[in-house]
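Step one of this worksheet: look at the structure below.
The values are calculated or read from the model by the stated rules, or taken from the named source; none is laboratory data. Every value quoted in this text rests on a predicted model; they were computed, and no experiment measured them. So basically every Cβ, Gly included, is an ideal-geometry build from the backbone, and we count neighbours across all protein chains shown.
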Amino acid sequence: MFKPTVLALLVVAASASVAMADWPTFLGGDTQVSEFNPPIEWTPESNITWTADLTGHGQSSPIVIGDNVYITAVDGPMKESNLVMCYSLGDGSKKWEKSFPSSLQVKNDVYTSRAAPSPVADADGVYVFFESGDMVALSPGGDVRWERNLIDDYGKYEGRFGLGGSVAQDDKHLFVLADNDGPAYLAAFEKATGKTAWKTDRSPRISWSSPMMIAIDGKPQVVVSSAGSVDGYDPASGALLWTFDEVGGNTVASPIAAQNNSFLIGASPGRNGEESEGAKQSNLLMKVNAIDGENKYSTEVVWRNTSATSSFGSPLVYREYAYYTNRAGVVYCLDMATGETVYTGRLPESNWATPVGIGEHVFVFGKDGTTAVLANGPELDIVAENRLWTSTGEAQPGNFGGEIQYAVVPLANGFLVRTGSKLVRIGQ
């Protein structure tokens with residue numbers, strides 16, 4: 001049930017615009033940050049500003065507003081506790097930590113979601129959603145503004161690995177995707193109060209992709225790529241504006257905005273190749289076209305690449321290229337104009353985090369601690385391999401053991417890396 005607090009009545013719904021260096025949502029809303037100047041090389045002993053040990057274990061992305069770094073985790077053998085923490089971006093000190101009882105307790109292991117949904121934040125604070133259905137809004141100082149549980153309101157989630165989709169936002173609303181084998185839906189919630197603005201039911205399916213805000217003719221839409229369809233929703237009403245169902249294997253990668261009403265879709269054949277046929281047709285550039293004089297839209301596949309696959313991280317649009325990476329540690333560089341393969345190459349490791357393009361380089365943060373720095377260009381040129389730690393797990397494609405580089409946030413002079421149990425700031 002929705003549980004308001006006194007603070008919720010004092011919150012102004014409108015939020016201030018975020019600074020360029022802020023990273024307020026999953027993938028930051030924009031993966032192209034050419035003006036930043038990170039180091040090209042680092043080791044555990046060099047170019048590391050600070051390392052913070054996190055309570056519990058988590059898979060979500062850090063979220064940055066000013067000096068506040070928000071991070072989530074779960075703790076306990078049955079994931080009894082949902083954790084929200086705030087660290088100083090400047091020195092890595094912990095500002096506060098809050099623990100909330102989980103409404104859906106399941107075994108805490110490497111095969112289930114561990115606080116996988118990334119939160120969002122603005123000047124008014126942080127908004128978190130856990131795979132247990134628990135939602136909480138906190139002020140920048142850690143005071144609870146409101147909390148509620150979506151399982152109580154809309155039914156229990158069903159699925160082997162739990163929910164993984166991150167929260168999306170606009171100025172006034174939060175958007176949560178609950179795709180699972182139980183009651184599936186996309187819903188919007190008021191930031192100021194936590195109340196449901198709208199809820200649109202979806203057909204049950206298993207997926208871990210995240211809704212993304214993508215502008216079509218200058219107007220934002222909530223775009224969802226998930227297990228057999230790509231759909232666009234009106235963020236004001238939840239109305240389904242268009243759908244495209246000629247896809248398969250699109251269960252993890254999120255849609256990534258490109259230019260001119262278009263966006264990249266990523267798909268994977270799956271751990272055992274069960275989605276191989278669908279995935280061949282589903283790594284593509286899609287364009288949404290408005291129909292003049294009507295509030296209707298049509299979809300167009302600009303190009304498909306039948307060789308590329310996207311396993312855990314989403315594709316990257318950077319300058320004239322698209323980069324897809326997969327669980328086997330292969331990178332596919334595609335021509336953004338045509339979709340043709342420019343090159344295919346082997347990376348030092350598989351990667352789970354979405355690659356980041358900065359300046360003349362593309363940074364691919366490997367699962368087991370090695371980051372490959374690629375020269376942005378028509379040939380595979382790995383200019384540096386930076387190991388953040390010595391792996392204790394078996395470095396095999398798809399292996400879940402040991403520490404994992406789950407997420408990365410680009411900073412003006414470096415990166416913020418989240419592993420399961422640590423937060424590391426790279427760069428001085």
Close pairs from the stretch 410-428: first closer than 16 Å to Thr354 by Cβ, partner acidic (Asp, Glu), Cβ under 7 Å, at least 6 apart: Thr419/Glu403
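Yes/no per residue for (1) part of a loop (DSSP other than H, G, I, E, B); (2) surrounded by fewer than 22 Cβ atoms within 10 Å (Cβ to Cβ):
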{"site": "Leu177", "(1), (2)": "no, no"}
{"site": "Gly182", "(1), (2)": "yes, yes"}
{"site": "Phe189", "(1), (2)": "no, no"}
{"site": "Ala192", "(1), (2)": "yes, yes"}
{"site": "Lys199", "(1), (2)": "no, yes"}
{"site": "Pro220", "(1), (2)": "no, yes"}
{"site": "Val224", "(1), (2)": "no, no"}
{"site": "Gln259", "(1), (2)": "yes, yes"}
{"site": "Leu264", "(1), (2)": "no, no"}
Boolean, Ala375 is at pLDDT 95 or above and out of contact with any Cys (no Cβ under 9 Å at 6 or more places or on another chain): yes
Criterion (touching a helix residue (DSSP H, G or I) at 6+ places or on another chain (Cβ under 9 Å), within 21 Å of Trp208 (Cβ to Cβ) and modelled with pLDDT under 95) met by exactly one of Gly155, Gly164, Gly133, Gly159: Gly133
Top-ranked residue of the stretch 127-158 - restricted to ones that are touching a Ser or Thr at 6+ places or on another chain (Cβ under 9 Å) and either without any contact (Cβ under 8 Å) to a residue 24 or more places away in the chain or assigned to a loop (DSSP other than H, G, I, E, B) (or both), ranked as surrounded by the fewest Cβ atoms within 10 Å (Cβ to Cβ): Asp143
Any chance Val331 is outside any loop (DSSP other than H, G, I, E, B) and over 21 Å from the mean Cα position of the chain (by Cα): no
Answer residue from the stretch 71-116, given it is of a type in the set (A, V, I, L, M, F, W, C), outside any loop (DSSP other than H, G, I, E, B) and within 29 Å of Ile48 (Cβ to Cβ) and is farthest from the chain's Cα centre (by Cα) among those: Trp96
Matching residues in the stretch 293-308 - criterion: being assigned to a strand (DSSP E or B) and either without any contact (Cβ under 8 Å) to a residue 60 or more places away in the chain or touching a helix residue (DSSP H, G or I) at 6+ places or on another chain (Cβ under 7 Å) (or both): Lys296, Ser298, Glu300, Val301, Val302, Trp303, Arg304
In the stretch 382-423, residue modelled with the lowest pLDDT [restricted to those that are out of contact with any Pro (no Cβ under 9 Å at 6 or more places or on another chain) and among the β-branched types (Val, Ile, Thr)]: Thr392
Residue, modelled with the lowest pLDDT, within the stretch 324-365, restricted to residues that are in contact with a strand residue (DSSP E or B) (Cβ under 7 Å, 6 or more places away or on another chain) and at positive phi: Gly329
Flag for Asn272 being surrounded by fewer than 24 Cβ atoms within 10 Å (Cβ to Cβ), at pLDDT below 95, outside any strand (DSSP E or B) and under 23 Å from the mean Cα position of the chain (by Cα): no
